[in-house]
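Only one structure is covered here, and it is reproduced in the block below.
The values are calculated or read from the model by the stated rules, or taken from the named source; none is laboratory data. What you see is a predicted model, and the numbers here were worked out from it, not measured in a lab. Cβ placement follows ideal geometry from the backbone for every residue including glycine, while neighbour counts extend to all protein chains displayed.
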Amino acid sequence: MAEINIKKYFEKKAVLVNKALDNYLPSEKDYPPVIHTALRYSVLNGGKRFRPILAIATAEMLGGSVKDVLPCACAIELIHCYSLVHDDLPCMDNDDFRRGRPTTHRQFGEPTAILAGNALVTVAFEIMCNSSSKTSRQNGRLHKVMVEIGIAAGMQGMVVGQAADLESENKNISKEMLAYIHAHKTGALIMSSVRVGALVSHATPNQLKRLTDYGKKLGLLFQITDDILDIESTQEKRGKKIGGDIERGKATYPKLHGMKKAKQLVTDLVKGCYKDLKPFGKKADTLKAIVDYIAQRRA
Ligand code: GRG
């Protein structure tokens, strides 16, 4: 196990990310106030900031600067927030609570929640475009990062994963289909967070390959622990309803593989992540601690 106070690390980096998000988002006083208020409500509400922190930790490991990765890390978080706002809508998962308070459509109505989700995606790409420095333009780094995020959020990632997930509700799906859904719906953006940290920090092709493998496993680990927590945690700890997967007839790892096998997979994925990080030596201690943090999380 990595000897890093990962809770403290997350707390410290979350302050940085929250401050940047606060600065990036338009003021609630802008016209018309309701959409601006809804946007800020959907973002500045106590998320763990797992994805941006993952991008930052990867960049730091490779000697990159937080300043360079922060705009892209925040863009990833905004896209994640959009996915939650839309996923909570009555036409999707129909959830009333998110991050411990009413979901955006519950607070502002469906039309505003849809618009807020749309705006979060466009603002994310606007932030990345505006972050372009002369050097990043010259070496095409920012272009690569933006393509990476577009792919992960869209038709090779989150959107197709969500579509397959909706399509599979109340059906007996195969373990392969479940793996497809998890890898695309949740895994793609997590893997991309690692890759974005690496791309911004000039990773070599070999390093990028290792980190891509790590990110892929971490994404699956995140989703399997999410499936387990949907059964074993509490609404108080998670800030949202528990048992929603079963209620909606969703296939999950505990449902298809059994709880014992699901927990065994968590252990195997932790070992796999550690193996991927081996060539980075001690520099990878934070990324290793993040693996432990996800495997052991209770919320
Ligand atoms: C609407 C295109 C579209 C996609 C939605 C991500 C997603 C796809 C739906 C969310 C459904 C869900 C709860 C999946 C489980 C994994 C997950 C994304 C959990 C929430 O992420 P956390 O735990 O949340 O990082 P916080 O609130 O800490 O940011």
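Here the helices (runs of 4 or more DSSP H) wholly within segment 32-115 that include at least 2 residues being more than 20 Å from the chain's Cα centre (by Cα) are 33-43, 104-108. Considering (1) within 20 Å of G197 (Cβ to Cβ); (2) within 11 Å of the ligand (Cβ to nearest atom), the lone condition that L89 does not fulfil carries the number (1). Close Cβ contacts (under 7 Å, 6 or more residues apart or on different chains) running from residues in segment 221-235 that are in a helix (DSSP H, G or I) to residues that are within 11 Å of the ligand (Cβ to nearest atom) and modelled with pLDDT of 95 or more comprise L221/I294; F222/T186; F222/I190; F222/I294; Q223/H182; Q223/T186; Q223/G187; T225/I294. With the structure loaded, tell me whether K19 is assigned to a helix (DSSP H, G or I), modelled with pLDDT under 95 and under 26 Å from R195 (Cβ atoms) or whether it fails that test. Judged against the criteria, K19 is not a match. Residues of segment 46-60 that are crowded, with 21+ Cβ neighbours inside 10 Å and modelled with pLDDT under 95: G47 alone. Is there a residue in segment 144-158 that is surrounded by fewer than 20 Cβ atoms within 10 Å (Cβ to Cβ), among the β-branched types (V, I, T) and in a helix (DSSP H, G or I)? So far as segment 144-158 goes, yes, one or more of its residues are surrounded by fewer than 20 Cβ atoms within 10 Å (Cβ to Cβ), among the β-branched types (V, I, T) and in a helix (DSSP H, G or I). Residues that are charged (D, E, K, R) and loosely packed, with under 15 Cβ neighbours inside 10 Å do occur in segment 61-80.
Summed over segment 183-207, residues that are more than 10 Å from A55 (Cβ to Cβ), away from the ligand (no atom under 16 Å from the Cβ), of a type outside the set (S, T, Y) and modelled with pLDDT of 95 or more total 4.
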